[in-house]
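One structure is given below, encoded as structure tokens.
Bear in mind that the values in this text are calculations on the coordinates, not laboratory data. What you are looking at is a predicted structure, and each value in this text was computed from that prediction instead of being measured. So basically every Cβ, Gly included, is an ideal-geometry build from the backbone, and we count neighbours across all protein chains shown.
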Amino acid sequence: MDTIFIQIASYRDPELLPTIEDLLCNASNPAALKICIAHQHSKEDAWDVLSQYANDDRFIIIDIPHEESLGACWARNQIQQHYSGEKYTLQIDSHHRFVKGWDTSCVDMIESLQLKGYKKPLLTGYMPAYIPNEYPLGKEDKPCGMSFDKFTSEGVVFFLPYYLDESITEPVPARFYSAHFAFTLGLFCEEVKHDPSFYFHGEEITIGVRAYTWGYDLFHPHKMVCWHEYTRENRTKHWDDDKEWHLKNDVAHARTRQLLGVDGEVCSPCNKNTFKGYDVGEDRSIADYEIYSGIRFKDRSLTENCSLNKVPPGNSNEIYFLKFKDSFEIRKDFFKDENYDFAAFIFENKNGNSVYREDLSRDMIRDLLNGSEESVSVVKEYNGSTPYKWILWPYSSSSGWGEKIETRI
């Protein structure tokens, strides 16, 4: 029986127990699961007790008083130290729900990719959302992928989810790695270990690059596997308890820049030693990943294919574009109705393809309409070539889409 090493880092999460129950209930082979939980808990949380699994041989529960925790990546590193040769591994957060037979489905996808010549396939992505107090209602039933969002000011790459085409019948090549869903060969726990000195930001882009350089091929599952809860509203996160969390995050920012060469940063021999065990692999280079993904770290540039979220891989002949940034005047008379829910601000290229979108909120529109000025200046930026035109398109739930404003740049 193929065993699966389940990795769950939980921090004071009331969704942990429901997640475990759903994981087991919907597995085709629950006896084949080895479930390791970094249980970061507080005595204040009477509901956060795992005693029912204390004598279950399938479980390894790492007892961590919450004040001793150093963050998500540290906790995930603690878990990986308990890997003991299971054939597969699944890393998830502590707030998930699962489809029936999720384990068989994941193994089938991995095996199908191996038959196509991918020795080390990795299934990953931002999973569709569920809402705990509404489940099983209020969940999304479309598989999702990950697209580029932005480089943060610190040089870390952020991502956005997108819906996969419903006609797709096999896993989709992916650029990026999700820390809340990753299913692959168990060997991953030894080859691409979580760097415990990371806190939070930088985790996904560095793990994704490292996985690629270790010979793993990234894919988004084309079928539903599970759901993820994104907001964790009104629940305690690590950074709520740790008032110096930003200092740990600054360390992660610096290590991300050093490891990937963001802004041309060069890792000194002394710093290089600190990455021992958490470095890139030798099967492929970071330059190979840059060609594959369309992201170039030294100047934070993107190819058009990456900007448009076209399926990788890219090629060495593609042109990389630096960030486009400009200021735009949004006038009161663009809005014929005071009750718009939002307004889509869109950049399009000459082919009419949207290369960027960011919505103006209801509050932003009302502030403009109620203000003394006839217009406001809005600064927008994105990684890519100079767009051909920008579009402002307001929407209200009562009357639908309003008048579209289009202006050449």
**Message:** If the reach is capped at under 20 angstrom between alpha carbons, list the lysines near Lys116, excluding any in the same chain fewer than eight residues apart.
**Reply:** Lys87, Lys223
**Relative contact order [Cα under 8 Å, 6+ residues apart], the stretch 243-321, whole percent** = 24 percent
**Message:** Quick query: amide H of Val172 versus all other amide H atoms, modeled in the peptide plane; which residues come in under 5 Å with a sequence gap of 5 or more or a different chain?
**Reply:** His220, His222
**Asked** Which percentage, to the nearest 5, of the DSSP beta bridges contained in the chain is antiparallel?
**Response** 70 percent
**Asked** Working from the pairwise distances between different alpha carbons, so that the mean of 1/r is found and then inverted, what is the stretch 1-135's Kirkwood radius in Å?
**Response** 15.8 Å
**Request:** Provide the net charge surrounding Ala32, with neighbours chosen by a C-beta distance below 13 Å and charges set as Lys +1, Arg +1, Asp -1, Glu -1.
**Result:** -1
**Asked** Most exposed first by the Cβ proxy, i.e. fewest other Cβ within 10 Å, how do Met224, Met146 rank?
**Response** Met224, Met146
**Paired Rg and Dmax values of the stretch 323-408, which use every Cα atom, in angstrom** = 12.9, 38
**Message:** I need Val376, Val209 ordered by Cβ neighbour count within 10 Å, fewest first.
**Reply:** Val376, Val209
**Prompt:** So what's the Cα pair-distance distribution over the stretch 4-228, bin width 5 Å, in %?
**Reply:** 1, 7, 14, 19, 21, 19, 12, 5, 2, 0, 0
**Message:** Please report the net charge: other residues with Cβ closer than 11 Å to the Cβ of Lys120, K and R +1, D and E -1.
**Reply:** -2
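What is the antiparallel percent of DSSP beta bridges lying wholly in the stretch 4-228, to the nearest 5? Spell out each step's value before the answer.
Details: 19 of 43 bridges.
Approximately 45 percent, going by the DSSP bridge assignments.
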**Request:** Please work out whether the stretch 118-242 counts as rounded, prolate or oblate from its C-alpha gyration tensor, where a ≥ b ≥ c are the square roots of the eigenvalues and a/c under 1.5 means rounded, while otherwise a/b larger than b/c means prolate and anything else oblate?
**Result:** oblate
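Counting pairs of alpha carbon atoms under 8 Å apart in space and at least six apart in sequence, what relative contact order in percent does the chain give?
14 percent
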**Asked** Counting only Cα, what are the radius of gyration and maximum Cα-Cα distance Dmax of the stretch 39-117, in Å?
**Response** 16.0, 51
**Prompt:** Which label marks the calculated value of Rg and Dmax of the Cα atoms in Å, given the options [x] 20.4, 64; [y] 22.6, 70; [z] 23.8, 85?
**Reply:** [y]
**Request:** Quick one: compute the contact order of the stretch 323-408, relative version, from alpha carbon pairs under 8 angstrom and 6+ residues apart, as a percent.
**Result:** 40 percent
**Cα→Cβ-extended label distance, 7 Å offset, between Ser397 and Glu166, nm** = 2.3 nm
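Considering only DSSP states other than H, G, I, E and B, which chymotrypsin sites (Phe, Trp or Tyr not before Pro) in the stretch 301-403 qualify as loop sites with at most 16 other Cβ atoms within 10 Å? Please report the intermediate quantities before stating the final value.
Working: sites: Tyr320, Phe321, Phe324, Phe328, Phe334, Phe335, Tyr340, Phe342, Phe345, Phe347, Tyr356, Tyr382, Tyr388, Trp390, Tyr395, Trp401; in loops: Phe335, Tyr340, Tyr388.
The qualifying sites are Tyr388.
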**Asked** Taking neighbour counts of Cβ atoms within 10 Å as a proxy for exposure, in what order, fewest first, do Ser377, Ser354, Ser105 appear?
**Response** Ser377, Ser354, Ser105
**Request:** For the stretch 117-164, count all C-alpha to C-alpha pairs, find those more than 13 Å apart, and express that count as a whole percent of the total.
**Result:** 68 percent
**Fill in**
Most fluctuating of Gln114, Gln52, Gln78 in the GNM of the chain (C-alpha, under 10 Å) is Gln52
**Rg [Å, one decimal], Dmax [Å, integer] - the stretch 314-359, C-alpha atoms** = 15.5, 49
**Item:** Positive minus negative residues near Ala254 (Lys, Arg vs Asp, Glu; Cβ under 15 Å)
**Value:** -2
**Asked** Using θ = phi - 60° and the Karplus form 6.51 cos²θ - 1.76 cosθ + 1.60, what ³J(HN,Hα) does each residue of the stretch 300-312 get, whole Hz, x for Gly and Pro?
**Response** 6, 9, 10, 7, 5, 4, 5, 4, 8, 6, 6, 4, x
**Request:** Kindly give the semi-axes, whole Å and largest first, of the ellipsoid equivalent to the stretch 226-365, taking each as the square root of 5 times a Cα gyration tensor eigenvalue.
**Result:** 35, 26, 15
**Prompt:** Using helices alone, what [θ] at 222 nm do you get for the chain, with -39,500 (n - 2.57) per DSSP H run of 4 or more residues, divided over all residues and rounded to the nearest 500?
**Reply:** -6500 deg cm²/dmol
